[in-house]
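What follows is a set of notes on a single structure, which appears directly below.
The values are calculated or read from the model by the stated rules, or taken from the named source; none is laboratory data. Bear in mind that the values here come from a model prediction, so they are computed numbers and not experimental data. Glycine gets a Cβ as well: all are built from the backbone with ideal geometry, and neighbour counts include every protein chain shown.
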């Protein structure tokens, strides 16, 4: 499949790039479609504060709306526990503080998936 912005992979990559450009840290986009029946892409991002999280969620919602991608289960209020999940069906975005990201280690949980985008600061 050609990697255009309109392909599923192209959209996932665009989301990762957008999040990186808007100060998301350690952005990783993983194609999990071969190992998963309920989503195709996991987008994992580190955030550094509640304010950062709120700003990122707002920016991501604007981008998703502009791409006609619906959020399946949205929260009216952002949780202050350090982890916000945005479920868009084919794309699941995890915005996590460093402590949660280190503890749950989703990057390793989905190790068999193909990394299609990784910001330069990601390990």
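When you scan segment 88-103, do you find a residue that is free of Cβ contacts under 8 Å to residues at least 12 places away in the same chain, surrounded by fewer than 19 Cβ atoms within 10 Å (Cβ to Cβ) and either in contact with a helix residue (DSSP H, G or I) (Cβ under 7 Å, 6 or more places away or on another chain) or not in a helix (DSSP H, G or I) (or both), even just one?
Within segment 88-103, none of the residues are free of Cβ contacts under 8 Å to residues at least 12 places away in the same chain, surrounded by fewer than 19 Cβ atoms within 10 Å (Cβ to Cβ) and either in contact with a helix residue (DSSP H, G or I) (Cβ under 7 Å, 6 or more places away or on another chain) or not in a helix (DSSP H, G or I) (or both).
Keeping to segment 29-39, report how many residues are surrounded by fewer than 24 Cβ atoms within 10 Å (Cβ to Cβ) and not in a loop (DSSP other than H, G, I, E, B).
Within segment 29-39, the first condition is being surrounded by fewer than 24 Cβ atoms within 10 Å (Cβ to Cβ), and the residues that meet it are 31-39.
With not in a loop (DSSP other than H, G, I, E, B) added as a condition, the list becomes 31.
Residues that pass the stated criteria total 1.
Could you tell me which numbered condition residue 85 fails, if it satisfies all but one of (1) surrounded by 16 or more Cβ atoms within 10 Å (Cβ to Cβ); (2) in a strand (DSSP E or B)?
Single failed check for residue 85: (1).
Consider segment 40-53. How many of its residues are free of Cβ contacts under 8 Å to residues at least 60 places away in the same chain and crowded, with 16+ Cβ neighbours inside 10 Å?
Our first condition is that a residue be free of Cβ contacts under 8 Å to residues at least 60 places away in the same chain; within segment 40-53, this holds for 40, 43, 45-53.
Filter once more, keeping what is crowded, with 16+ Cβ neighbours inside 10 Å: 40, 43, 45-47, 52-53.
Total satisfying the criteria: 7.
Is segment 110-123 home to any residue that is more than 15 Å from residue 25 (Cβ to Cβ) and free of Cβ contacts under 8 Å to residues at least 24 places away in the same chain?
Taking segment 110-123 first, the residues more than 15 Å from residue 25 (Cβ to Cβ) are 110-116.
This time we only want the ones that are free of Cβ contacts under 8 Å to residues at least 24 places away in the same chain, so: 111.
Yes, that holds for at least one residue.
Check off (1) outside any helix (DSSP H, G or I); (2) at pLDDT below 95; (3) under 14 Å from the mean Cα position of the chain (by Cα) for residue 46 and give me the number that stays unchecked.
The single condition residue 46 does not satisfy is (2).
State whether the residues of segment 8-17 include one that is at pLDDT below 95 and exposed (fewer than 13 other Cβ atoms within 10 Å of the Cβ).
Within segment 8-17, none of the residues are at pLDDT below 95 and exposed (fewer than 13 other Cβ atoms within 10 Å of the Cβ).
Taking into account only those residues within segment 54-77 that are part of a loop (DSSP other than H, G, I, E, B) and either in contact with a strand residue (DSSP E or B) (Cβ under 6 Å, 6 or more places away or on another chain) or free of Cβ contacts under 8 Å to residues at least 24 places away in the same chain (or both), which is surrounded by the most Cβ atoms within 10 Å (Cβ to Cβ)?
In the first step, residues of segment 54-77 are kept if they are part of a loop (DSSP other than H, G, I, E, B); the result is 67-72, 74-77.
From what is left, the residues that are either in contact with a strand residue (DSSP E or B) (Cβ under 6 Å, 6 or more places away or on another chain) or free of Cβ contacts under 8 Å to residues at least 24 places away in the same chain (or both) are 68, 70-72, 74-77.
Details: 68: 6, 70: 11, 71: 16, 72: 10, 74: 11, 75: 11, 76: 4, 77: 6.
Here the answer is 71.
Going residue by residue through segment 50-70, is there one that turns out to be modelled with pLDDT under 90 and touching a helix residue (DSSP H, G or I) at 6+ places or on another chain (Cβ under 6 Å)?
Step one: of segment 50-70, the residues modelled with pLDDT under 90 are none.
Looking for residues that are modelled with pLDDT under 90 and touching a helix residue (DSSP H, G or I) at 6+ places or on another chain (Cβ under 6 Å), one finds none in segment 50-70, hence no.
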